[in-house]
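A short reminder: the numbers here are calculations on the coordinates, not readings from a lab. None of these values were measured; they are calculated from a predicted model. So basically every Cβ, Gly included, is an ideal-geometry build from the backbone, and we count neighbours across all protein chains shown.
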Amino acid sequence: MTARTLFLLPGDGIGPEAMTEVRKIVAFMNDAMDAGFVTDEGLVGGSAYDAHGAAISEADMEKAMTADAVLFGAVGGPKWDDVPYDVRPEAGLLRLRKDLELYANLRPAICYPALASASSLKPELVEGLDILIVRELTGGVYFGEPKTITDLGNGQKRAIDTQVYDTYEIERISAIAFELARTRNNRVCSMEKRNVMKSGVLWNQVVTALHKDKYSDVKLDHMLADAGGMQLVRAPKQFDVIVTDNLFGDMLSDVAAMLTGSLGMLPSASLGSPDAKTGKRKALYEPVHGSAPDISGKGIANPIAMIASFAMCLRYSFNMITEADNLEKAIATVLDNGIRTGDIMAEGCRQVGTAEMGDAILAEFKALSA
Ligand code: IPM
Ligand code: MG
């Protein structure tokens, strides 16, 4: 069998702790299922800055470009607050997204039944929640030029960020949203600010035209992004797939994450276009949470988002659907059994650390795979 290559970038803070739990699952899959994963590992973020003075080295970029999939932990921390802007930890992640052309960021927000009471909303509002945010990831204000701070010479400075979207960028991300909606509840809600932004006007036009042309079987709604944020916390279950730009997607996905009980629960997949020859998409999988410097090194971080990101990797990069389903089921079972990390701890449950949570999920995964 051909090897399945995984490039691990654990990063900073709780990233390495969470990645350790994924490594255990990979090792099991190689031993027991002959999965043929070959892993290599690199540095990204502050840890790369400390070693190479860059947020990711050229050698590691090369490895990321050629791997079947990249597994990414988290970057950043107060230690690197004052490093130059170009080499700040986040620059490593942004460069990976841009250079690998990972324009489609899938952020599912699923509320596990056992966690409905951990949400900041009433349990009945989030019980059974299953929405998918499809965030555009390589355009918009994150990458638009000019992006500058200029000294105006009169004691004032001027900062400029530029929101730019071309038709093709909006088309390809909305196509992904429509395709995925067809495998779910067949509904897409597109969010922009067409009442204020030209990019919102074009976004709305392109999504509408593509829908009419190719996806009229899918139910399409449009919402202004601010109203969308409000609806997400008012009645989140009204949504199936939400498609939105890079910046709104960043904010709305944090909101959606918290609905599910903890930021420590949400995985994500960032995908590129299928390769013309091999049909394979470049892909990076990462938890939505950050490096959580306040709890890093203590062995108490929740590894579920990282493990669920690996489940997405099995599904989208390797088409290992049964294995992905089983890994997701294993997470749900462990939660049903009342095992919790501190961030999702509830009365009557048993609080465990990162390694014990990872081991419990692995044990369930083994049982399901037997
Ligand atoms: C995310 C993060 C990143 C983003 C940061 C770390 C650059 O917040 O993936 O949501 O803003 O995209
Ligand atoms: Mg974010």
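What is the set of long-range amide H partners of Thr341 at a cut-off below 5 Å, with H atoms built 1.01 Å from backbone N?
It is Val352, by chain and number.
Could you tell me how far the Cα centroid of the range 268-324 sits from the Cα centroid of the range 51-68, in Å?
18
I'm checking a number: the convex hull volume of the Cα atoms of the range 130-259, normalised per residue, in Å³. What is it?
It comes to 113 Å³ per residue, whole-number rounded.
Could you run the Karplus curve 6.51 cos²θ - 1.76 cosθ + 1.60 with θ = phi - 60° over the range 272-283 and give me ³J(HN,Hα) per residue in whole Hz, x for Gly and Pro?
Running phi through 6.51 cos²θ - 1.76 cosθ + 1.60 with θ = phi - 60° gives x, 6, x, 5, 4, 8, 8, x, 7, 8, 5, 7 Hz.
Within a Cβ distance under 14 Å of Gly45, other residues only, what is the Lys/Arg minus Asp/Glu net charge?
Local charge sum for Gly45: -4.
Binning every alpha carbon pair distance of the range 1-108 at 10 Å from zero, what are the percents per bin?
Spelled out bin by bin, the range 1-108 gives 15, 43, 32, 9, 1 percent.
Over 32 Å between C-alpha atoms is what I'm after, so list which of Lys298/Lys366; Lys147/Lys277; Lys79/Lys193; Lys237/Lys329; Lys122/Lys219; Lys212/Lys329 land there.
The answer is Lys147/Lys277; Lys79/Lys193; Lys212/Lys329.
With θ set to phi - 60° and the Karplus curve 6.51 cos²θ - 1.76 cosθ + 1.60, what are the ³J(HN,Hα) couplings of the range 173-181 in order, to the nearest whole Hz, using x for Gly and Pro?
Whole-Hz 3J(HN,Hα) from phi for the range 173-181: 6, 6, 4, 4, 4, 5, 4, 5, 4.
Run the numbers for Ser216 and Met197: contour at 0.36 nm per residue of separation, minus the present Cα-Cα distance, in nm.
4.2 nm
In debye to the nearest 20, how big a dipole does the range 287-359 give about its Cα centre with +1 on each Lys and Arg Cβ and -1 on each Asp and Glu Cβ?
80
Can you list residues from other chains, or at least 5 along the same chain, whose modelled amide H is less than 5 Å from the amide H of Ala109?
Ile131, Leu132, Ile133
Semi-axes of the equivalent ellipsoid for the chain, please: Cα gyration tensor eigenvalues, times 5, square-rooted, ordered largest first, whole Å.
With the √(5λ) rule applied to the chain, the semi-axes are 30, 26, 22 Å.
On a C-alpha basis, how far is the centre of the range 79-103 from the centre of the range 13-46 in Å? Whole number, if you could?
Cα centres, the range 79-103 to the range 13-46: 22 Å.
Among residues other than Asp294 whose Cβ falls under 15 Å from its Cβ, what is the net charge (Lys/Arg +1, Asp/Glu -1)?
Charge balance in the 15 Å sphere: -2.
Extension gain Thr208-Lys157, at 0.36 nm per residue separation less the Cα-Cα distance, in nm?
The Thr208-Lys157 span can extend by a further 14.4 nm.
Calculate the spin-label point distance for Lys280 paired with Leu247, positioning each point 7 Å from the Cα along the beta-carbon direction, and give it in nanometres.
Going from the Leu247 label point to the Lys280 one covers 3.6 nm.
Among Gly261, Ala54, Cys349, which residue has its Cα furthest toward the positive end of the charge dipole of the chain, with +1 on Lys/Arg Cβ and -1 on Asp/Glu Cβ?
The Cα lying farthest towards the positive end belongs to Gly261.
Which ³J(HN,Hα) values, rounded to whole Hz and listed in residue order, are derived for the range 30-43 from phi using the Karplus coefficients 6.51, -1.76 and 1.60 in 6.51 cos²θ - 1.76 cosθ + 1.60 with θ = phi - 60°, glycine and proline given as x?
5, 5, 8, 10, 6, 5, x, 6, 10, 10, 10, 9, x, 10
Taking the inverse of the average 1/r across all pairs of different Cα atoms in the range 72-138, what Kirkwood radius in Å do you get?
About 14.8 Å for the range 72-138.
Could you pull out every residue, at least 5 positions away or on a different chain, whose amide H is within less than 5 Å of the one on Asp221? Hs are placed 1.01 Å off N in the peptide plane, and Pro or chain starts have none.
Amide H to amide H, under 5 Å and 5 or more residues apart or across chains, Asp221 pairs with Val188, Cys189, Ser190.
At what distance in angstrom do the alpha carbon centres of the range 115-142 and the range 348-370 lie from each other?
Distance between centres, Cα-based: 24 Å.
What is the spin-label model distance, in nm, from Met230 to Lys122 if the labels are put 7 Å beyond Cα along the C-beta direction?
Label at Met230, label at Lys122, 1.9 nm between them.
Rounded to the nearest 0.05, what FRET efficiency do Ala3 and Glu179 give with R0 = 25 Å and r taken as the Cβ-Cβ distance? Could you check?
It comes to 0.30.
With a 10 Å cut-off between alpha carbons and a GNM built on the chain, which of Ile304, Ile25, Ile160 moves the most?
Ile160
Give the residue from Cys189, Asn154, Asn246 lying farthest towards the positive end of the charge dipole for the range 130-259; charges sit on Cβ (+1 for Lys and Arg, -1 for Asp and Glu) and the dipole is referred to the Cα centre.
Cys189
For the chain, what is the mean residue ellipticity at 222 nm derived from helices alone (per DSSP H run of n ≥ 4: -39500 (n - 2.57); sum divided by total residues; nearest 500 deg cm²/dmol)?
-13000 deg cm²/dmol
Apply the Debye scattering formula to the range 288-370, with a single equal point scatterer on each alpha-carbon and no solvent, then give log10 I(q)/I(0) at q = 0.15 Å⁻¹.
So the normalised log intensities work out to -0.55.
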